[in-house]
Amino acid sequence: APKLETVRAAFIGVGARGGDHMKFMASLDGTEVVAICDLFEDNVNKWAKVATETGGEGRHKNIALYYGHENKWKLMLEEVKPDMVFIATNWNNHAPMAIETMKQGAHAFVEVPLAVTLEEMWEIVDTSERTQKHCMMMENVNYSRNELMFLNICRQGVLGDLLHAEAAYIHELRWQMEEQERGTGSWRTLHYANRNGNLYPTHGLGPVAQYMNLARTEDNFNSIVSFSTPAFGRKNYAEKNYAADHKWNQLDFKGGDLNTSIIKTTLGRTVMVQWDETSPRPYTRHNLVQGIKGALAGFPTRVALEGGVEGITKDHHSWVQGDDLEAVYEKYDHPLYTRLNDAAKGSGHGGMDGIMVYRIIECLRKGLPLDQNVYEGAFWSAVAPLSELSVAQGGAPQAFPDFTRGNWKNTKPLGIIN
């Protein structure tokens, strides 16, 4: 897209993620916060004050504020005409807001997932192509230190040909059910009750898909099979913590506590994707990739290579982990991480959010392609509705739509950006 000397940014939804994105972006050169929209006046006023205090020299002033009605964001787009819009709202709003943003002439940056249905994903792709506006799903985990390092190792061919990957979002979030009027739990709990599949695949899948160059030249998503466990956890939690007549105890929780899906790629490689936001266990994204010359794995971070890792292990039967990883980081840390880590400190999720927002602004100001394209956002998000179909059909394979219409074969892999 054409370069933007100053990026005029608007924000829809500043109850949680949106406000954090705004604060970091407001600190970057070449940016201007021009509008903030949220259902609640206190959220809008809080983050407008943060923006004016963050920018310095009165850079973020006369911010247009919108609140109090579900559709005020539409008025904001019409009146302010921003260059870009950050969308951090409930999942059902992602697609309509992104589509209208692009129609109104702005680039759209959407929290995960990109959309809920395959039809919405197609409409986002069609609108982005027609308007020539970016629509990026903001998969922040792709900017974590370990994920960036693994990408660098894969790009350097250290693992050889890649065979298999494992991705997950295992994160016990039952406590969010306490957010009943405002906050994530107020709407996300209804998804758990009414849908059965892998509802939140992208944190684990996004990075491994880029390791394997899926939807970029080399390979693509082909099909998926999916199975869910019984739905016990949320029901038991509601019965234990809320009165019998509480609204959470009136729900019939249909979504299995843990979902396991397996993706088959065009080349025949496999990706296991798991999701569980209910069971009591430590957080993990798995983040494993297996090649013919070795494997990388996360939680904890580990490296094993055929013939061993020089100076540390003798063969692939022992992991390099713990303090021994320092030598691996020194050799393979991604240059994007080493360049931006200090600038991103203090931003969300250990700095990965800041690196992501920095790169978004950098690409817009320089007219560069984004690190994640609209097609990747659609493919990664498509796991949710496709897994629901597979679960409902006893694990029957479901074919991925080709959102690129064959153009993935001509799309270069994401390079190692300096």
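For the reader, a short list of remarks on this structure follows.
- Rg/Rg_ref, the stretch 75-133, where Rg_ref = 2.2 N^0.38 Å and atoms are Cα: 1.02
- Once C-alpha pairs closer than 8 Å and six or more residues apart are averaged by separation and normalised to the residue number of the chain, the relative contact order reads 20 percent.
- Accessible area (Å², per residue) of the chain, counting only protein heavy atoms and a probe of 1.4 Å: 42
- Amide proton proximity set for residue 114, modelled H, under 5 Å, gap of 5+: 381
- Ranked from largest, the principal axis spans of the Cα set of the stretch 88-208 equal 48, 41, 24 Å.
- Karplus 3J(HN,Hα) series, Hz, for the stretch 39-46 with 6.51 cos²θ - 1.76 cosθ + 1.60 (x for Gly, Pro): 4, 10, 4, 5, 5, 4, 5, 4
- Note, ³J(HN,Hα) from phi for the stretch 257-272, Karplus 6.51, -1.76, 1.60, rounded to Hz, x at Gly and Pro: 4, 10, 10, 10, 10, 10, 9, 10, 8, 4, 7, x, 6, 10, 9, 8
- When peptides 224-236, 338-350 are ranked by their average number of other Cβ atoms within 10 Å per residue, the highest-first order is 224-236, 338-350.
- Amide H contacts for residue 294 (H built 1.01 Å from N in the peptide plane; partners 5 or more residues away or on another chain; cut-off under 5 Å): 306.
- Taking amide hydrogens as placed 1.01 Å from N in the peptide plane, the amide H of residue 31 sits under 5 Å from those of 7, each at least 5 positions away in sequence or on another chain.
- Built from the Cα atoms of the chain, the convex hull projects on average onto 20.4 nm², one quarter of its surface area.
- Pairwise Cα separations in the stretch 276-327 fall into 10 Å bins from 0 onward with the following percentages, short to long: 24, 46, 20, 9, 0.
- Rg of the Cα atoms in the stretch 51-101, relative to 2.2 N^0.38 Å, amounts to 1.30.
- In units of the rule-of-thumb radius 2.2 N^0.38 Å, the stretch 1-85 shows an alpha carbon radius of gyration of 1.00.
- For the stretch 127-271, relative contact order (Cα pairs under 8 Å, six or more residues apart, normalised by length) works out to 28 percent.
- Proximal charge balance of residue 94 [Cβ under 11 Å; K/R count +1, D/E count -1]: -2
- Apportionment of accessible area to carbon and sulfur, the stretch 278-418, percent (1.4 Å): 51
- The Cβ shell under 13 Å around residue 233 holds other residues with a net charge of +1, Lys and Arg each +1, Asp and Glu each -1.
- Treating r as the C-beta distance of residue 187 and residue 343 and R0 as 45 Å, the FRET efficiency rounds to 0.85.
- Remark: relative contact order (the stretch 268-418) = 11 percent; criterion is Cα-Cα distance under 8 angstrom and separation of 6 or more residues.
- A cut-off under 13 angstrom between Cβ atoms defines the neighbours of residue 139, and their net charge, with Lys, Arg +1 and Asp, Glu -1, is -2.
- For the stretch 210-319, the normalised intensity computed at q = 0.11, 0.16 Å⁻¹ comes to -0.58, -0.90 (log10 of I(q)/I(0), Debye sum over alpha carbons, equal scatterers, no solvent).
- For the stretch 218-231, the Karplus equation 6.51 cos²θ - 1.76 cosθ + 1.60, evaluated at θ = phi - 60°, returns couplings of 7, 7, 8, 5, 10, 8, 9, 10, 8, 9, 10, 6, x, 9 Hz by residue, with Gly and Pro reported as x.
- Per atom type, the stretch 155-248 shows carbon and sulfur on 51% of its accessible surface, probed at 1.4 Å.
- With the convex hull drawn over the C-alpha atoms of the stretch 370-418, the volume per residue is 91 Å³.
- Bridgeable aspartates and glutamates around residue 247 (alpha carbons under 19 Å apart, same-chain partners fewer than 8 residues away excluded): 178, 179, 181, 239.
- Peptides 312-324, 261-273 ordered by packing proxy, namely the average of other Cβ atoms within 10 Å per residue, highest first: 261-273, 312-324.
- Whichever lysines have a C-alpha closer than 20 Å to that of residue 254, once near sequence neighbours (fewer than 8 apart) are set aside: 235, 240
- Within straight-line cross-link reach of residue 412, lysines at Cα separation under 28 Å, skipping those fewer than 8 residues along the same chain: 3, 103, 133, 264, 293, 331, 366
- Peptide ranges 76-87, 205-216, 11-22 listed from the most packed, as the mean C-beta count within 10 angstrom indicates: 205-216, 11-22, 76-87
- The stretch 284-418, Cα convex hull volume normalised per residue, Å³: 180
- Alpha-carbon Debye profile of the stretch 143-294, log10 I(q)/I(0) at 0.15, 0.18, 0.19 Å⁻¹: -0.80, -1.00, -1.07
The values are calculated or read from the model by the stated rules, or taken from the named source; none is laboratory data. Bear in mind that the values here come from a model prediction, so they are computed numbers and not experimental data. Neighbour counts are summed over all protein chains in view; Cβ atoms, including those assigned to glycine, are modelled from backbone coordinates with ideal geometry. Only protein heavy atoms, including side chains, enter the accessible area calculation; ligands, DNA and RNA are left aside. Shrake-Rupley method; radii C 1.70, N 1.55, O 1.52, S 1.80 Å.
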